[in-house]
Amino acid sequence: MATKPILPPAMLGILGGGQLGRMFAMAAKTMGYGVTVLDPDPAAPAAEIADIHLCKPYTDPEALAALARQCVAVTTEFENVNADSMRWLASQGVKVSPSGDSVAIAQDRMKEKNFIRDAGLATAPFLIIENSGDLEQDLSPYLPGILKTARNGYDGKGQVRIKNLEEARYALSELKHQPCVLEKMLPLKAEVSVIVARSAANEIACFPPAENIHTDGILDISIVPARISTEITEQARNMAIQLVEKLDYIGVIAVEFFVLEDDSLVINEMAPRPHNSGHYTLDATFSSQFEQQVRTMCGLYPGKPDLHTPVVMVNLLGDVWHDDGSEPNWEIMLTAPNTKLHLYGKKEARAGRKMGHYNVLASNVDAALEQALALKETL
């Protein structure tokens, strides 16, 4: 028997109050839901949008009990939240999506790589490094490679490139001998990501793949439609859906791919939440990734994910703010009628900190990209 959907004005909860939590809260409020945010940061960007801000750690028993009392359903905005907190909320009868089990796989690179491989999907050659002894073997199948911490790595953090055993030993000590994964570096043609929304009834909506360009390990630009063949586009969608179904995943998930020089695809990683590379959906598709997050957690059918306009998304990092903390000059960007500026309400700008993004919509991606890069120069 189908469970009844959760309808407005029900209270929804989210673990994490950063920019993803903020955009989730905006989508939920637009649809008529209440929002409770649990985040230990008094200045959490989502807090000024949410109805209630529980300013406590993610493992705080009182805060979790309050979430369980107030919210019919709970989701998360980042994978490094405590999976046990999510399991506890589910045990209290709260509808939790994604499940704590899904998050536990995605937050541990060792579990994630093994899961993807066991699902029959391609990854780069990898080796699990749980201690320094695991390095004392023939590493040639994995070199040159990148040593990545198993947990808490994002935006290029916790990653060291290595070419030989000596560098691997040094990198492991630099990473404080945490459990790691050594991944072989492959000849890349492009990086793409696919955002998938899946409901408990296995209703699936797949956004068009984004072509992603990174700078210093942080996403800089996303281009949609991606400049890849129809065959690769279809293969990326199919691989993402296969992974989501194998996980029995409910919610919104991002699957990141490497397109290799021979046009083969390997999965790099997954993020069990909306993703930076999906911010183009706020302006260029019929439904946004954040609306899909609300819909899937509430048992509603996912919205239409189709692209209505080619788009380029550009991240705005704290680097473009002035040294005295004052804002960039937004005037030219805000006078461009086909450009949408999104700022996250963060009080302090720091180098490398994601402060906002903008989307440029145009008749084709070449025009959008040219304008997006020109606008960046005006800041």
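Quick notes on this one:
- Enumeration of residues in region 9-38 that are assigned to a loop (DSSP other than H, G, I, E, B), open to solvent by 10 Å² or more (accessible area, probe 1.4 Å) and either among the small types (Gly, Ala, Ser) or out of contact with any Cys (no Cβ under 9 Å at 6 or more places or on another chain) (or both): PRO9, ALA10, GLY18, GLY32
- Enumerated strands (runs of 3 or more DSSP E) restricted to region 276-379, each holding at least 2 residues that are touching a helix residue (DSSP H, G or I) at 6+ places or on another chain (Cβ under 9 Å), of a type outside the set (A, V, I, L, M) and open to solvent by 30 Å² or more (accessible area, probe 1.4 Å): 339-343
- Cβ-Cβ distances below 6 Å connect the following pairs, each with a first residue in region 12-33 that is of a type in the set (Lys, Arg), a second residue that is modelled with pLDDT of 95 or more and assigned to a helix (DSSP H, G or I), and a separation of six or more residues or different chains: ARG22/PRO45; ARG22/ALA46.
- For region 104-114, filtered to residues that are crowded, with 19+ Cβ neighbours inside 10 Å and not aliphatic (A, V, I, L, M), the residue that is farthest from LEU38 (Cα to Cα) is LYS113.
- Any hit, region 167-176, residues being in a loop (DSSP other than H, G, I, E, B), assigned by TED's automatic domain parsing to the domain that holds LEU139 and either surrounded by fewer than 16 Cβ atoms within 10 Å (Cβ to Cβ) or of a type in the set (Lys, Arg) (or both): yes
- Taken over region 78-103, residues that are under 20 Å from the mean Cα position of the chain (by Cα), open to solvent by 10 Å² or more (accessible area, probe 1.4 Å) and modelled with pLDDT under 95 amount to 6.
- The residue pairs whose first member lies in region 58-79 and is not assigned by TED's automatic domain parsing to the domain that holds SER91, whose second member is in a helix (DSSP H, G or I) and buried (at least 17 other Cβ atoms within 10 Å of the Cβ), and whose beta carbons are closer than 6 Å, counting only pairs six or more residues apart or on different chains, do not exist in this structure.
- Positions within region 292-338 being of a type in the set (Phe, Trp, Tyr) and either under 19 Å from the mean Cα position of the chain (by Cα) or outside the structural domain of TYR280 (by TED's automatic domain parsing) (or both), in sequence order: none
- Each residue in region 184-217 was checked for being open to solvent by less than 40 Å² (accessible area, probe 1.4 Å), in contact (Cβ under 8 Å) with a residue 60 or more places away in the chain and either closer than 24 Å to ASP283 by Cβ or in contact with a helix residue (DSSP H, G or I) (Cβ under 8 Å, 6 or more places away or on another chain) (or both), and 14 of them qualify.
- Within region 218-232, one or more residues are surrounded by fewer than 16 Cβ atoms within 10 Å (Cβ to Cβ), more than 20 Å from the chain's Cα centre (by Cα) and within 21 Å of ALA372 (Cα to Cα).
- So PRO179, is it free of Cβ contacts under 8 Å to residues at least 60 places away in the same chain and either within 26 Å of ALA368 (Cα to Cα) or surrounded by fewer than 19 Cβ atoms within 10 Å (Cβ to Cβ) (or both): no
- Complete set of residues in region 250-275 that are touching a Lys or Arg at 6+ places or on another chain (Cβ under 8 Å) and not in a loop (DSSP other than H, G, I, E, B): GLY251, VAL252, ILE253, ALA254, VAL259, LEU260, GLU269
- Annotation: LEU67 fulfils all but one of (1) over 20 Å from the mean Cα position of the chain (by Cα); (2) surrounded by fewer than 21 Cβ atoms within 10 Å (Cβ to Cβ); the unmet one is (2).
- Of all residues in region 145-166, those being among the charged types (D, E, K, R) and either assigned to a helix (DSSP H, G or I) or over 19 Å from the mean Cα position of the chain (by Cα) (or both) number 3.
The values are calculated or read from the model by the stated rules, or taken from the named source; none is laboratory data. Please read these numbers as outputs of a predicted model, since none were measured by experiment. Cβ sites come from the backbone with ideal geometry, for glycine too, and all protein chains shown count toward neighbours. Protein only, heavy atoms only, side chains kept; ligands, DNA and RNA dropped before computing areas. Shrake-Rupley method; radii C 1.70, N 1.55, O 1.52, S 1.80 Å.
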